[in-house]
Amino acid sequence: MLLVVDVGNTQTAAGLFSGGGLVAHWRYATDVRKTGDEIAVLLDALLRLEGHNRKDVSGLAVASVVPRLTGEYVNMASTKFGLEALVVGPGVKTGMPVLTADPRQVGPDLIVDAVAAYETYGGPCIAVDFGTATTFSAVSRAGEYLGHAIAPGIEISLDALAN
């Protein structure tokens, strides 16, 4: 099974895939103080809650906008799962050309959102992600990443209105 992790600024989402389908998913607070060991304990417990264990995981992919934690996930994958983590970032081939002025500046979260939307719905499409920031990523009919817009997230917007 493939364990995928999306490390966001405030929350981390993880999913377990088997045979191309999602079999379990979790969301937990992102904490930059966590070590790879602590992350492994958490993932191990979440896997067990769904009747799985680390030995069931044959691949691990990480898309992270928190550089401090990216390394922790990579080290944890190696030391606790015996796997080499695939880190989504500049240079990783997704099959989606990035047609922006500087493709290296497009975050991995935006790329995986766009790829997932295109693979699910085809193009043209817009992938919307309601995280710490609300992002809109545009994909062409041909499956090219055209660009994105970033706005304050729902929680930040509500706080601003209330204050």
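We did not get these values from a lab; they are worked out from the coordinates using the rules stated. Because the structure is a prediction, the values reported are computed rather than measured. Because the Cβ atoms are built from the backbone with ideal geometry, glycine has one as well, and the counts that use them run over all protein chains shown.
Remarks
- Global form of the stretch 1-64, assessed from the alpha-carbon gyration tensor, a/c cut-off 1.5: prolate
- Label of the coordinate-derived value, Cα Rg over 2.2 N^0.38 Å, listed as [x] 0.98; [y] 1.08; [z] 1.30: [y]
- Table column - 3J(HN,Hα) (Hz), the stretch 149-163, Karplus curve with 6.51, -1.76, 1.60, x for Gly and Pro: 10, 10, 10, x, x, 4, 5, 4, 5, 5, 4, 5, 5, 6, 9
- Gain on full stretching of the segment that runs from Asn163 to Asp37 - 0.36 nm per residue minus C-alpha separation: 41.5 nm
- Among Val115, Val23, Val32: highest mean-square fluctuation, GNM of the chain, C-alpha pairs under 10 Å: Val23
- Database remark: amide H of Val88 closer than 5 angstrom to the amide H of Val62, Ala63, Ser64 (H placed geometrically; neighbours at sequence offset of 5 or more, or on other chains; Pro and chain starts carry no H).
- Shape call, the stretch 74-144: gyration tensor on alpha carbons, a/c limit 1.5: prolate
- Fully extended contour minus Cα-Cα distance, from Arg27 to Leu86, at 0.36 nm per residue: 19.2 nm
- Straight-line cross-link partners of Lys55 among the lysines, defined as a Cα under 17 Å from its Cα and at least 8 positions apart when in the same chain: Lys80.
- Excluding same-chain neighbours fewer than eight residues apart, the aspartates and glutamates reachable from Lys34 by a Cα-Cα span under 19 Å are Asp6, Asp44, Glu72.
- In this structure the amide hydrogen of Gly59, modeled in the peptide plane, comes within under 5 Å of the amide hydrogens of Leu3, none closer than 5 places in sequence on its chain.
- Whole-Hz couplings from phi, Karplus 6.51/-1.76/1.60, listed for the stretch 97-107; x for Gly and Pro: x, 9, 9, 10, 4, 9, x, 5, 8, 7, x
- Residues of the chain were split at every exposed loop site, defined as trypsin sites (Lys or Arg not before Pro) in a DSSP loop with at most 15 other C-beta atoms within 10 angstrom, and the longest piece left, sites excluded, is 34-92.
- Prolate/oblate/rounded call for the stretch 103-161, Cα gyration tensor, a/c under 1.5 rounded: prolate
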